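Take a look at the structure set out below.
The values are calculated or read from the model by the stated rules, or taken from the named source; none is laboratory data. These numbers come from a predicted model, not from an experiment. Positions of Cβ are backbone-derived with ideal geometry, glycine not excepted, and every protein chain shown enters the neighbour counts.
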2 protein chains.
Amino acid sequence: MLRLASLLLFSLVAVGGTFAARIGGTPTLPETPYDYEGVGLPAYLDTYVIRHADNTPADNPITNAGATLGRVLFYDVRLSQNGSVSCASCHRQANGFADPRPRSVGFGGEHTDRNSMALAFARYDRNEEFFWDERARTLEALALEPIQNPVEMGMTLEGLTALLSDTEFYPALFADAFGTPEVTSDRVARALSQFIRSIVPSNTRYDAARQAEGARIARPLAGLTPQENEGLQLFFGRGQCNLCHSSDLFAGTNALNNGLDSTVTDPGRSGGRFKVVSLRNIGLTAPYMHDGRFQTLEDVVEHYSTGIRLGPHLDARMFGLDGGAIRFNFSADERAALVAFLHTLTDTTLATDPRWSDPFAAQAPTPGASR
Amino acid sequence: MLRLASLLLFSLVAVGGTFAARIGGTPTLPETPYDYEGVGLPAYLDTYVIRHADNTPADNPITNAGATLGRVLFYDVRLSQNGSVSCASCHRQANGFADPRPRSVGFGGEHTDRNSMALAFARYDRNEEFFWDERARTLEALALEPIQNPVEMGMTLEGLTALLSDTEFYPALFADAFGTPEVTSDRVARALSQFIRSIVPSNTRYDAARQAEGARIARPLAGLTPQENEGLQLFFGRGQCNLCHSSDLFAGTNALNNGLDSTVTDPGRSGGRFKVVSLRNIGLTAPYMHDGRFQTLEDVVEHYSTGIRLGPHLDARMFGLDGGAIRFNFSADERAALVAFLHTLTDTTLATDPRWSDPFAAQAPTPGASR
């Protein structure tokens, strides 16, 4: 059945552009737009550093209409060449806007080179160096890359703007968002960026406990279990996890080589260095690492415990003072405690929050049923 | 007198290219070329990581003839538009191939934006991201940038190759280095890179002490004074200096924001992040930081002790667990010990080693007497 549907879609595209507008559904949107402008940080996160890390440009603030358009675009299979995938095919809400597959599958069935990155908290990416290899310098620039990538969505920006202009509901959404109905790729990028910047899920047990106590980052928190607190102590203490996954964003500022391989196969930013992702919602975003090689958080912790490999590009923090790769040698209890702590960083509402959900889903399954 | 000389030079250039060949002297070179191919690391530095960090490309190994040509080019004022400066004007042997001026002065009297970087040990730059903002991806690419920079040397590669081709001694040096006398910008880049890669000065008290003991990096060394050993312990211990200036290269792998300013003025790589330089020979290379703001090593240590400023791009390692900028609060004795230790990293022969010295100096002062 799926195969038939795919063939049918392919035929429609092959026949010509006039049919293209029929691919993809019509979104169901709330009468009163969801509140994206009001997305805020809990008071304890609203600090100097985090506030200043906000990469929202002055000329593209989040508006409810803009993020609504971004939401529709994000979930619309029209953004791919044959109408088979949307942004959300590889950045799935149920998975913290990451992909449960080690490598994603593009519109033509080809695999991407790396694991799709989680999108939450991109708004507070301090250096604006997006993608695993840090090649995009703004979220707006990032947003147009997968659309044009020959493996991922395979569209041209010209083709996309023509198609969206011909789609019944888009001109009105663009007019709501930007004042006039013109569809431009710049507006597509802006709307997608607004939507992505709105995904700031901080409804976690860790945040609740920090908020309740106003505590220093590394202090045991009354709201966590003893095991979770043991993990917290290890995270900020002997395990030194916070030297890379820093601040309450639990994110890094530089691409690093974390000792996955002694011989670099994928150079990433160079030398096998990859962006240090935020650990927020990491419980949802398996598998892990740029190539999705680790299935579980236990595997990840085990890597840092005993698996770091010596290589010429290994980050300084992972060298022991003997010049070899560091070995934390966490005990089984310690590994379990670290994993328990990491799970306190999951926003339990993220996966179902209607603001970030599929507006096409209410109506009918979208084509390309890999979602 | 200097002013007159400058005017005279300017006139010569202004009259036309035929006079250009008269600017700059003739180098005095040893009958038997110096040994650059044999430049080696002491046994204890010849480790897996450092050996693999060698960025010498397979197609541009150091040869004695190639590095000799590179030496001549490095010191030749012909590489600048008006014959007033050479590479060595801003990368001075006596200063560890850095510039004692906070910002360097180019051929036309304009200041560069940043402090000239020390060149020693560039061969073992692991990620090959050169310049303070990491913009050059190979040493060969780096070498041609200052030549063409409109503030620094202001040449075109076409102009340079024509000029060198017309200079009596160059075709023979190019033939020695590359087999045929053709002067190309690619060969200029290769020769300069060979010369720079040859500058691997490891004749330091620290190296001698490590070599004698084969000790782990952080252990007190019998060859150092008690104060120097106290500094060593602080460097690898409470001061955590090695988390950024890592391994026996004492160098970093990523551009970092080290809290110089809470508001970024020069973004560097972005967010006020700058390349983490090797601390080898740091005693020679004052002033310090990308803008040369610190005159002494004491100033530098004081910065890390009490002066780190909170900013949104501050590196994770410089955040305290309270979310503010870390304060090491070294005592006066500790600051002195750290400085004493840093001085053990100076190669005492670097500043006078004839292999890396000015081949034009034996003859007559080169024009552009700021050297």
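Here are a few things to note about the model shown:
Residues checked against (1) under 22 Å from the mean Cα position of the chain (by Cα); (2) closer than 25 Å to A:L243 by Cβ:
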site	(1), (2)
B:R293	yes, no
B:S305	no, yes
B:L314	no, yes
B:R317	no, yes
B:G320	no, yes
B:A332	no, no
B:A337	no, yes
B:L345	yes, yes
B:T349	yes, no
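- Residue, farthest from B:N229 (Cα to Cα), within segment B:311-338, restricted to residues that are away from chain A (no Cβ under 14 Å) and of a type in the set (F, W, Y): B:F328
- Of everything in segment A:288-305 that is out of contact with any strand residue (DSSP E or B) (no Cβ under 6 Å at 6 or more places or on another chain) and within 18 Å of A:A94 (Cα to Cα), the residue that is nearest to the other protein chains (Cβ to nearest Cβ) is A:L297.
- Residues in segment B:48-86 that are surrounded by fewer than 17 Cβ atoms within 10 Å (Cβ to Cβ) and among the polar types (S, T, N, Q): B:T56 only.
- Residues that are part of a loop (DSSP other than H, G, I, E, B), farther than 19 Å from B:A122 by Cα and of a type in the set (V, I, T) do not occur anywhere in segment B:57-79.
- Yes/no for B:S198 being within 14 Å of chain A (Cβ to nearest Cβ) and hydroxyl-bearing (S, T, Y): no
- Lone qualifier among B:D333, B:D291 - being part of a loop (DSSP other than H, G, I, E, B) and acidic (D, E): B:D291
- Any pair with Cβ under 8 angstrom, 6 or more apart, that starts in segment B:192-203 at a residue that is under 10 Å from B:G66 (Cβ atoms) and ends at one that is basic (K, R) and buried (at least 24 other Cβ atoms within 10 Å of the Cβ): B:F195/B:R71
For (1) touching a helix residue (DSSP H, G or I) at 6+ places or on another chain (Cβ under 7 Å); (2) away from chain A (no Cβ under 12 Å); (3) in a strand (DSSP E or B), each residue gets a yes or a no:
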{"position": "B:F235", "(1), (2), (3)": "yes, no, no"}
{"position": "B:D261", "(1), (2), (3)": "no, yes, no"}
{"position": "B:G283", "(1), (2), (3)": "yes, yes, no"}
{"position": "B:A286", "(1), (2), (3)": "no, yes, no"}
{"position": "B:R309", "(1), (2), (3)": "no, no, no"}
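- Any pair with Cβ under 6 angstrom, 6 or more apart, that starts in segment A:167-186 at a residue that is more than 17 Å from A:R71 (Cβ to Cβ) and not assigned by TED's automatic domain parsing to the domain that holds A:T68 and ends at one that is surrounded by 14 or more Cβ atoms within 10 Å (Cβ to Cβ) and of a type in the set (S, T, Y): none
- For A:D133, the stated conditions hold: it is acidic (D, E), surrounded by fewer than 23 Cβ atoms within 10 Å (Cβ to Cβ), assigned by TED's automatic domain parsing to the domain that holds A:A67 and touching a Gly at 6+ places or on another chain (Cβ under 7 Å).
- Among the residues listed as B:R187, B:R205, the single one being out of contact with any Pro (no Cβ under 7 Å at 6 or more places or on another chain), closer than 30 Å to B:G159 by Cα, more than 14 Å from chain A (Cβ to nearest Cβ) and surrounded by fewer than 23 Cβ atoms within 10 Å (Cβ to Cβ): B:R187
- Within this structure, B:S278 passes the test of being touching a strand residue (DSSP E or B) at 6+ places or on another chain (Cβ under 6 Å), within 14 Å of chain A (Cβ to nearest Cβ) and not in a helix (DSSP H, G or I).
- Within segment B:113-224, helices (runs of 4 or more DSSP H) holding 3 or more residues that are charged (D, E, K, R): B:185-198, B:205-213
- Qualifying positions in segment A:310-352 - under 28 Å from B:L256 (Cα atoms), among the charged types (D, E, K, R) and modelled with pLDDT of 90 or more: A:D315, A:R317, A:R327
- Residues in segment B:26-47 that are part of a loop (DSSP other than H, G, I, E, B), surrounded by fewer than 19 Cβ atoms within 10 Å (Cβ to Cβ) and more than 13 Å from chain A (Cβ to nearest Cβ): 14 in all.
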